[in-house]
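Worksheet: the structure to be examined is printed underneath.
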Amino acid sequence: MTASHSSPAAGRLEAIEITKQFGSVKVLEGVNCALTPGRIHTIIGENGAGKSTLFKILSGLYLPSDGALHLDDKPIVLGSPRAAHQRGIYLVPQEPALMAELSVAETMFVGQLPTKGTLFGRVDWPAAKREAARALAALGVDIDVDHISKDLSIAQQQQVECAKALLRGCRIILFDEPTSPLTSHEVARLFAIMRRLRDEGYTLAFISHRMDEVLDISDDISVLRDGRLVDSVTRGNFDRKSLLSKMVGREMSIGLRRGRSTATTEPVLSVEGLAREPRFRGVSFTLHKGEILGLAGLIGAGRTEIAEAVCGLTPKTAGKVTLGADDITHARTSQIIRHGLVYAPEDRARHGVVLPMSITHNVTSSLLERVKQRFGFLDRNDERRIAGDTVRQYRVRSSRLDQPLSELSGGNQQKVVFGKWMSTSPLVAILDEPTRGVDVGAKDEIYELIDELAAGGLAILVISSEMEELVRICDRILSVYEGQIVAELTGDEITPDRVGASYLSHAHV
Ligand SMILES: Nc1ncnc2c1ncn2[C@@H]1O[C@H](COP(=O)(O)OP(=O)(O)OP(=O)(O)O)[C@@H](O)[C@H]1O
Ligand SMILES: [Mg+2]
């Protein structure tokens, strides 16, 4: 069927002088990049640099505006993902969209069920299940093929996607930022799968914003900046500092722990005995003016649920929440926002922003209510000024202020979310995964901004699954395990090892 997996050395995919233009905007320009069998090639670059666009071209989702793709030194044209699959190329998307009610085996065979040799090709289910199970086993993954897909974790969904690639005989597998929604344990498992495939001669490509991961897993690293390839280096010649500098086009300092604390002893938000059974219980803490308090824990520990209950998004079964002098336990979310508490949720597509709306409208939507109360209306010039300030302050990469958010890269969308909430000048900000999918340069800027906001008196609660992030910015950390606070760390106790141990020690008992 396909020539690409007939010999083990096949599977060299090359982008030659690839250019991609959307309207008048050039997103990729003259990019040369070669993916080689038996190697993991990582593309790094700031938000909006063009990484996902390059992967989409390599996997048949987009046609290039100019340039060519070569597979094993022969030119190919990919008009669709299906055409790419037939050539042995498979893209594992960041959060795979699985068919809700289908079993794992059904999901894996969508569009290509094995049939018995009858006229109308009756589906041979036992054979399909056996093949699905074999593909999963080849990855060392233990997932029941009769399981309903929608109940799988994101990590498992990615594993199923890898198995789908194998089932389709694909030898070239591209992973677009697979690790950002994963826990460190899940990342380790994914990397084990990727290494296994690499060692069997597969061609792998990877995107990540986490430099530790990149340095750990890559055989080759290519750096994209503003749509151009600025460097390609191979293992042995990597150096974190120079890679970072090439990404951002200037010298980068490597992140340090927050030097000075601006925490005061003045309580702003106080949570007593908060519960929402069966998710969490007995949660008590006080957040002070100028303080940055972190919630650490495994994904699913209940941190987001706690934040949602504090903000009045979900009902509480017990407890009391006080903001300044006001009891907000039973207040509605809109009242809570008016009292000065904002919540920037982790899933920006769910309730952080409206993707089809423009940058301007997204930034100013959180202000509308307040401004309306004060002045009666929000002038169009005011809107543009506020949105323009946000775009500049957070270095949002966009071609124009009325650009729909859906056209921005993931990281740039995150910056708009952040700007949207901060423009309301709150007393307390709850930031859930504030830098998910944000590049290193922009992360630094967001950390500095969080620091400045705290210095200005803002009380900040941060939820993050990135240990480095919590260790770097927090004055104090509470560890959450299975819906309860199990430890509190301050000052010199805040190291990645100690924070990790504070909840993991509970996981092993
Ligand atoms: N369909 C589109 N129409 C217009 N512009 C687009 C479209 N898709 C992407 N872009 C623009 O192309 C640029 C590159 O986007 P891309 O998604 O490739 O970035 P990225 O490097 O993957 O960034 P991130 O790290 O944030 O995921 C961005 O400026 C984005 O706004
Ligand atoms: Mg991307």
In region 398-423, the residues that are in contact with a Leu (Cβ under 7 Å, 6 or more places away or on another chain) and part of a loop (DSSP other than H, G, I, E, B): Ser398, Ser423
Enumerated strands (runs of 3 or more DSSP E) restricted to region 12-101, each holding at least 1 residues that are surrounded by fewer than 16 Cβ atoms within 10 Å (Cβ to Cβ), within 16 Å of ligand 1 (Cβ to nearest atom) and more than 21 Å from the chain's Cα centre (by Cα): 13-22, 25-35, 66-71
Number of the condition not met by Gly388 [criteria: (1) in a helix (DSSP H, G or I); (2) assigned by TED's automatic domain parsing to the domain that holds Thr262; (3) at pLDDT 85 or above; (4) of a type in the set (Gly, Ala, Ser)]: (2)
Qualifying residue in region 206-213 (condition: of a type in the set (Asp, Glu), within 24 Å of Ala165 (Cβ to Cβ), surrounded by 15 or more Cβ atoms within 10 Å (Cβ to Cβ) and more than 19 Å from the chain's Cα centre (by Cα)): no
Hits in region 142-181 (condition: part of a loop (DSSP other than H, G, I, E, B), away from ligand 2 (no atom under 16 Å from the Cβ) and crowded, with 17+ Cβ neighbours inside 10 Å): Ile143, Val145, Leu152, Arg168, Cys170, Arg171
Qualifying residue in region 467-479 (condition: surrounded by fewer than 22 Cβ atoms within 10 Å (Cβ to Cβ) and either modelled with pLDDT under 85 or within 16 Å of ligand 1 (Cβ to nearest atom) (or both)): yes
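The values are calculated or read from the model by the stated rules, or taken from the named source; none is laboratory data. For clarity, every value in this text was computed on a predicted model and none was experimentally measured. Every residue, glycine among them, receives a Cβ derived from its backbone with ideal geometry; neighbour counts consider all protein chains shown.
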